[in-house]
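Trainee: Take a look at this one; I'll ask things after.
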Amino acid sequence: MKLAIGWFSAALAVFFALIIQEFIPPVHALHGARVILVPVLFCYAALALPAWAMLLFAVYTGSLTDLMSLQIVDGRVEIALGWSIVFFVVFGLLAHGFQPAFLRGHWWLHLLLGALGTCAFLALQYAMICFRREGIVFNELVAWRILAPGLIAAILAPLLHLLVHHCSQFFPDLPGEAGGYRLGR
């Protein structure tokens with residue numbers, strides 16, 4: 001029961017995060033970097049869900065992200081469908097490897113992995129665009145727009161952790177379920 005509630009809560013959070021992050025203006029103090037919420041939410045789910053539920057969640061998150069970031073310029077697809085699914089599956093498997101430490105109370109893993117995942121997601125997205133345009137331009141502005149969202153993710157990760165930890169107290173464990181950080185078993 002707690003697994004289903006956790007999975008569907010995370011799924012709704014990703015859906016609404018994709019919508020909300022479109023309306024958050026760029027942070028001008030960080031050279032126009034955008035707030036990217038989805039990798040941080042996915043990272044928490046990858047650390048908290050069992051492996052099979054995390055893989056299902058990776059496909060869900062990647063599909064929605066691909067549909068939101070589908071980019072066609074001059075009749076050519078620049079950001080292809082399906083690449084986010086692969087990214088979230090690979091990143092989810094990496095993050096899930098740290099699950100035993102996370103369940104023992106090492107909450108800061110979410111902070112580090114969320115920042116790393118956000119930066120990697122944006123860097124791979126930018127690399128795909130450069131590959132399609134057959135030219136690589138890397139300057140200070142590009143670095144800011146890849147690294148600053150990772151910094152923002154690191155700031156938001158503890159807030160997400162506290163929110164989920166506080167909300168999980170409203171759903172008591174069923175007999176035979178383990179308590180703690182896990183969204184389900």
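Trainee: Once both labels are modelled 7 Å past Cα along the beta-carbon direction, what's the Val86-Val142 spacing in nm?
Mentor: 2.0
Trainee: Grab the Cα-Cα distance for His166 and Arg76, subtract it from 0.36 nm times how many residues apart they are, and report the gain in nm with one decimal.
Mentor: The span from His166 to Arg76 would gain 27.8 nm if fully extended.
Trainee: Let me understand segment 1-110 better: what is its radius of gyration from the alpha carbons, and its Dmax, in angstrom?
Mentor: 15.2, 51
Trainee: Treating each Cα of segment 35-95 as an identical point scatterer and ignoring solvent, apply the Debye formula and state log10 I(q)/I(0) at q = 0.12, 0.17, 0.28 Å⁻¹.
Mentor: Scattering profile of segment 35-95, log10 relative to I(0): -0.30, -0.54, -1.12.
Trainee: Of Glu140, Glu22, Glu78, which has the largest mean-square fluctuation in a 10 Å C-alpha GNM of the chain?
Mentor: Top of the fluctuation ranking is Glu140.
Trainee: So if the hydrodynamic radius of the chain is defined as the Kirkwood radius over C-alpha pairs, what does Stokes-Einstein give as its diffusion coefficient at 10 °C and 1.306 mPa s, in µm² per second?
Mentor: In µm²/s, the coefficient is 93.
Rule-based calculations on the coordinates, nothing more; no lab input. Only a predicted model underlies this, so the values are computations on that prediction, with no experimental measurement involved. Virtual Cβ from ideal backbone geometry, glycine too; neighbours counted across all protein chains shown.
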